[in-house]
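Inspection log for the structure reproduced underneath, given as structure tokens.
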Amino acid sequence: MIIWVLANDPSLMIQPNPAISTPQTYNNPDNSVNLGNPPDRLALPVSIGILASGSGSNLEAIANTLNNATVAGLNPDTAKLSVVVYNNPNAYVQQRAQKLSIPAVLCNHREYDSREQLDAAIIEVFQQYQVDLVVMAGWMRIVTDKLINAYPRRILNIHPSLLPSFPGAKAIVQALAYGVKITGCTVHIAIAEVDAGPILQQAAVPVLPNDTLETLHQRIQVQEHIIYPQAIADYIKLLSS
Ligand code: GRF
């Protein structure tokens, strides 16, 4: 009864804060993220391998930013999208890759007996394309130590929440169910633990009263398409200097 009264008292309801009604972005301008042992210096242009399972809108945003040099530090002199590996034969990312003239290789997880075997096949493709940096853009498989150790601190991931809140595959559903008023997206260095690792960049996105999974995801993706190219540009600068 007390809970009902509290939940229905309008004076206790938290309203969206007008001060944060537009998304806010936070990054590591001084690259202060703790990288552990300094990575070996990478030669430019850095060869990027993309891992994707879905529609590929992040791939397209990264490719457009790179081709049009709209973010400082990310252009054909500093980076090349060498290959897209996708795991789902019907993933629209394959068509986007084709449109962007990027080779796309299917590594269908159903055809491998274990996660390690899938990762071994991915490593083989990446070696073939001389990939230096792996960018997970909507990769819906858990990666194993095999891949992490093949590319230590050279794998980036984007996640549709403000980590460490809501890791896992249902981040947006969980944010809505929990009733948070602000969520967002995070670019981080991937480690063996799922959706964990040093954070490179985040953007905050307010949750609006009538948001659905689709409307909130759409607004989060607008921010993903801004912060992912920026984070990649900053990370390449760090790895190559
Ligand atoms: C993104 O929202 C990303 O945060 C999540 O998967 C989605 C991929 O979208 N990991 P797209 O395939 O890049 O359009």
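Values quoted throughout were computed directly from the atomic coordinates according to the rules given, and no laboratory measurement underlies them. All values derive from a computational prediction rather than experimental measurement.
Based on alpha-carbon centroids, what's the gap between the range 45-119 and the range 131-158 in Å, whole number please?
12 Å
Enumerate the calculated ³J(HN,Hα) couplings along the range 40-53 in order (Karplus 6.51 cos²θ - 1.76 cosθ + 1.60, θ = phi - 60°), each rounded to whole Hz, writing x wherever the residue is Gly or Pro.
For the range 40-53, the Karplus-derived couplings read 4, 5, 9, 7, 9, x, 6, 8, 9, x, 9, 10, 8, 10 Hz, x marking Gly and Pro.
Which percent, nearest 5, of DSSP beta bridges in the range 45-240 are antiparallel?
40 percent
Search the structure for amide H atoms under 5 Å from the amide H of Val135, placed 1.01 Å from N in the peptide plane, and list their residues when 5 or more places away or on another chain.
Gly49, Ile50, Leu51, Leu156
Is the shape of the range 49-166 best called rounded, prolate or oblate, per the rule: a/c under 1.5 gives rounded, else a/b larger than b/c gives prolate, else oblate, with a ≥ b ≥ c the square roots of the Cα gyration tensor eigenvalues?
rounded
Each residue of the range 142-159 in order: what ³J(HN,Hα) in whole Hz does its phi give by Karplus 6.51 cos²θ - 1.76 cosθ + 1.60, θ = phi - 60°, with x for Gly and Pro?
6, 8, 9, 4, 4, 6, 4, 6, 6, 10, x, 6, 10, 10, 10, 9, 10, 9
Which ³J(HN,Hα) values, rounded to whole Hz and listed in residue order, are derived for the range 106-111 from phi using the Karplus coefficients 6.51, -1.76 and 1.60 in 6.51 cos²θ - 1.76 cosθ + 1.60 with θ = phi - 60°, glycine and proline given as x?
Each residue of the range 106-111 in turn: 7, 10, 6, 4, 5, 8 Hz.
Which residues' amide hydrogens lie under 5 Å from the amide hydrogen of Ala104, considering only partners 5 or more residues apart or on another chain, with H built in the peptide plane?
For Ala104, whose amide H was placed from the backbone, the distant partners under 5 Å are Val84.
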